[in-house]
Structure formats: structure tokens, C-alpha cells
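K.L.:
Handing you a structure now.
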Amino acid sequence: MTDPRPVAVVTNLDDPTADLVIAELHDRGVPVVRFDSGDFPATLTCSAFIGGDAERWRGSVQTPTRTAELGAVRSLYYRRPSGFAFPHLDSQDARFAAAQARYGLGGVLASLPDCLYVNRPGRIGDAEYKPAGLATAAACGFTVPPTLITNRPDDARAFIKRHGPVIFKPLSVPLYLVDGKAQTVPVTTVGADEIDDALAGTMHLFQAQVDKTADVRVTVMGDRVFAVRIDSGLLDWRTDYSTHTYTPVTPPPEAERAIFACLRHFGLVFGAFDFAHTSSGAWVFIECNPSGQWAWMEPPTGLPMTAALAGLLERGTHGT
């Protein structure tokens, strides 16, 4: 008998990765309700009730074409929804309305009964803090490059002189548009003579540059692990995908154990880990992205990543 419970996919309209997963779910006969929480309240509504004889939230989230009953969602794939916007309100009222939407609609979506989250929004938020990710990785047994987070120019200069060569990278990258196109802030090397008093204006992350031979992206989906070596010759492989060569690899057992320890710490079902691979064979931890991209690696490697994620959402359980 076909399971009628839908998979909810929460993401923006332009999300090719989600498109692939939804197409796979449709091929499996799994019902899907896709919506962008940023469409609230223009084309998305929600009503939820608890109390009395209702020990769990009852109600639904509704789009112009789909309805998801709150108690019937088997799994929720939280990808990249757009933010709440209330352009018809003045700035103060818009901030108030956005807060009510976040903690109301967002709170209901984070409280679905018997639902597998990939991942739970609050857990994503916890794991996106780079300082927390680095501390957890070190506690789980990974080698972490010497790292300084500071807004003190003298401390930055001293760190660079001691640990050089040193790279700078942002702690977070909000949407940044140039001529209407989203930009990636690349990882760059930085010298002590480049540090001036402007650094005091906010926090910055500096890290000892790893003498790497390649990069490795490890994508975990439930109990499935997909590791891909990326040979590019670049300091930041994201700056030019045309240089890449992809090779599926098997993580060392100690690295795989530490990967799952990190995921358990943050309560994640999905994680995209980045490592620098050294000439000695060491895997040096760089970061874990709880909403990282992965679909571009599937065609050149043949790894069944879309099927694995769709299978996880279809089962509604973590796996073994």
C-alpha cells in the first residue's frame, strides 16, 4: 500500500538541487508538498492548534496548489527558503511582522510530530557558527588548523607573523549582489602589513594555510557517506569549477567516526564536510556546512546521491 504521507520541501523557487530530489521522489510515487516560507503571507497560509484533546499540533500549511497536514508530514527537507518580507509595511511594523512569522510559522514547522528533519532549522543555525564547528571538530578528534577570530589588529598581525602563510575567510556570507548577481567571497592569503585599524570594525577569521595536495568534500545523508577528492590546484576550489577533477574516495575509519560524532553533536542528519588533504595523507578539517551543495558532483562521479537523499526522505528515518 502506498504511503500517503507527503514529504515537505522548504526552499526558494530557484533551487536546482531540490528540483532533482523532488523529481526522484515523484518517480518513486512519493507525494511532495513544496513551498517557500518566504511566500508567507502572500501565497502561503498556516493554521495550527494544540491543547484540549490535541497533544500535538493539528492543522495545515497551504499553498495555492498544495496542502500539508501538520500531523501527516513524514519528512521535511529544509533547503534554502527566502526570508520573510513585508514590503507593504513600514520598517518597524515589518520587523514585528517578520518576528511573528519566524517564531509562529517557523516554530510550527520545527514542531511536526513523527517527522524526520533534513535538517531541523534550529540545528542548522547552531552548526552554521564556524567557531562552534571548529571547536566540535577538534573535540571529535579532527586536526584543526590554528585559527584566530578577532577584531583586534595587533592580535591579527601577531597571529599572521607566527603562523604564516595565513588565509582570511568570512565567518558568514549573506546574500551579496554585484550588478544583480550573487557573489562568493573567496578565501585569500593575507599579510601582516595588510592589517589596518579598519579590522576593529567587526570580527574576522584568520587561519593558518594548510599545505594541501587536494580538497575533499564529504557529504553525509543519513547513514550514507559520499566522499569526493577535488583536485584543482587552487587555494579556494570554489573560484573556478572548470579546473576540477573529481575522484570518489573512502574516508579513513577514524575520519568517518569523527564525522558522525560531529553530526550527533549538532543533531544533524545531513552535513557537507570540507577537508584539506595533505601529502602525508592527513585529513585536516575545514568546515561542516549543514545545508551544503552536492548535486554538481553526482554526474562526474556517478555517485547515487540524489537517490540516497530521496530514499532518506521517503523512509522518514535516519537509517541504520
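K.L.:
Suppose we filter the stretch 48-66 for residues that are part of a strand (DSSP E or B), free of Cβ contacts under 8 Å to residues at least 12 places away in the same chain and of a type in the set (Val, Ile, Thr); how many remain? Before you say what the answer is, go through the steps one by one.
P.N.:
Residues of the stretch 48-66 part of a strand (DSSP E or B): 48-51, 54-62.
Next cut, free of Cβ contacts under 8 Å to residues at least 12 places away in the same chain only: 49-51, 54-55.
After this cut, where a residue has to be of a type in the set (Val, Ile, Thr) as well, the list is 50.
Final tally of qualifying residues: 1.
K.L.:
A further question on this structure: Here are some conditions: (1) surrounded by fewer than 18 Cβ atoms within 10 Å (Cβ to Cβ); (2) at pLDDT below 95. TRP237 meets all but one. Which one does it not meet?
P.N.:
Against the list (1) surrounded by fewer than 18 Cβ atoms within 10 Å (Cβ to Cβ); (2) at pLDDT below 95, TRP237 comes up short only on (1).
K.L.:
Among the listed residues SER47, SER60, SER37, identify the single one that is in contact with a Pro (Cβ under 6 Å, 6 or more places away or on another chain) and of a type outside the set (Asp, Glu). Break it down into steps so the answer makes sense when it comes.
P.N.:
Working: SER47 fails: in contact with a Pro (Cβ under 6 Å, 6 or more places away or on another chain); SER60 fails: in contact with a Pro (Cβ under 6 Å, 6 or more places away or on another chain).
Selected residue: SER37, the only one of SER47, SER60, SER37 that is in contact with a Pro (Cβ under 6 Å, 6 or more places away or on another chain) and of a type outside the set (Asp, Glu).
K.L.:
Any idea which residue in the stretch 34-71 is surrounded by the most Cβ atoms within 10 Å (Cβ to Cβ), counting only those that are β-branched (Val, Ile, Thr) and within 29 Å of GLY311 (Cβ to Cβ)?
P.N.:
Residues of the stretch 34-71 that are β-branched (Val, Ile, Thr), as a first pass: 43, 45, 50, 61, 63, 65, 67.
The next check asks that each one be within 29 Å of GLY311 (Cβ to Cβ); those that pass are 61, 63, 65, 67.
On the way: VAL61: 25, THR63: 15, THR65: 9, THR67: 12.
Residue satisfying both the conditions and the ranking: VAL61.
K.L.:
Can you name every residue in the stretch 152-189 that is over 27 Å from the mean Cα position of the chain (by Cα) and within 19 Å of THR239 (Cα to Cα)? Walk me through it before giving the result.
P.N.:
Start the filter on the stretch 152-189 by keeping residues that are over 27 Å from the mean Cα position of the chain (by Cα), which leaves 152-165.
Within the stretch 152-189, no residue meets the criteria.
K.L.:
For the stretch 254-267, what are the residues that are open to solvent by 20 Å² or more (accessible area, probe 1.4 Å) and more than 14 Å from ARG224 (Cα to Cα)?
P.N.:
Taking the stretch 254-267 as the starting set, the residues that turn out to be open to solvent by 20 Å² or more (accessible area, probe 1.4 Å) are 254, 256-257, 260-261, 264-267.
Residues satisfying the conditions are GLU254, ALA261, ARG264, HIS265, PHE266, GLY267.
K.L.:
Taking only the stretch 187-226 into account, find how many residues are touching a strand residue (DSSP E or B) at 6+ places or on another chain (Cβ under 9 Å) and assigned to a strand (DSSP E or B).
P.N.:
The qualifying residues number 20.
K.L.:
Can you confirm whether THR184 is part of a strand (DSSP E or B), open to solvent by 70 Å² or more (accessible area, probe 1.4 Å) and touching a residue at least 12 places away in the same chain (Cβ under 8 Å)?
P.N.:
Working: part of a strand (DSSP E or B): no; open to solvent by 70 Å² or more (accessible area, probe 1.4 Å): yes; touching a residue at least 12 places away in the same chain (Cβ under 8 Å): yes.
Taking the combined requirement at face value, the residue does not satisfy it.
K.L.:
How many residues does the stretch 10-30 hold that are closer than 12 Å to GLU314 by Cα and in contact with a strand residue (DSSP E or B) (Cβ under 7 Å, 6 or more places away or on another chain)? Show your work before the answer.
P.N.:
Step one: of the stretch 10-30, the residues closer than 12 Å to GLU314 by Cα are 21-22, 24-30.
Of the ones still in play, those that are also in contact with a strand residue (DSSP E or B) (Cβ under 7 Å, 6 or more places away or on another chain) are 21-22, 25-26, 30.
Total satisfying the criteria: 5.
K.L.:
Within the set of pairs 6+ apart or on separate chains, which have a first residue in the stretch 277-296 that is surrounded by fewer than 21 Cβ atoms within 10 Å (Cβ to Cβ), a second that is part of a loop (DSSP other than H, G, I, E, B), and C-beta atoms under 6 Å apart?
P.N.:
VAL284/VAL210
K.L.:
Another question about this same structure. Has the stretch 198-216 got at least one residue that is hydroxyl-bearing (Ser, Thr, Tyr) and open to solvent by 40 Å² or more (accessible area, probe 1.4 Å)?
P.N.:
Yes, the stretch 198-216 contains a residue that is hydroxyl-bearing (Ser, Thr, Tyr) and open to solvent by 40 Å² or more (accessible area, probe 1.4 Å).
K.L.:
Could you grab the pairs with beta carbons closer than 6 Å, sequence gap of 6+ or different chains, first residue in the stretch 298-311 and without any contact (Cβ under 8 Å) to a residue 60 or more places away in the chain, second one surrounded by fewer than 20 Cβ atoms within 10 Å (Cβ to Cβ)?
P.N.:
Partner pairs satisfying both residue conditions: PRO300/TYR246.
The values are calculated or read from the model by the stated rules, or taken from the named source; none is laboratory data. Note that this is a predicted model, so its numbers are computed, not measured. Neighbour counts run over all protein chains shown; Cβ positions are idealised from the backbone, glycine included. Each accessible area value is taken on the protein alone, full model and side chains, heavy atoms only, with ligands, DNA and RNA left out. Shrake-Rupley method; radii C 1.70, N 1.55, O 1.52, S 1.80 Å.
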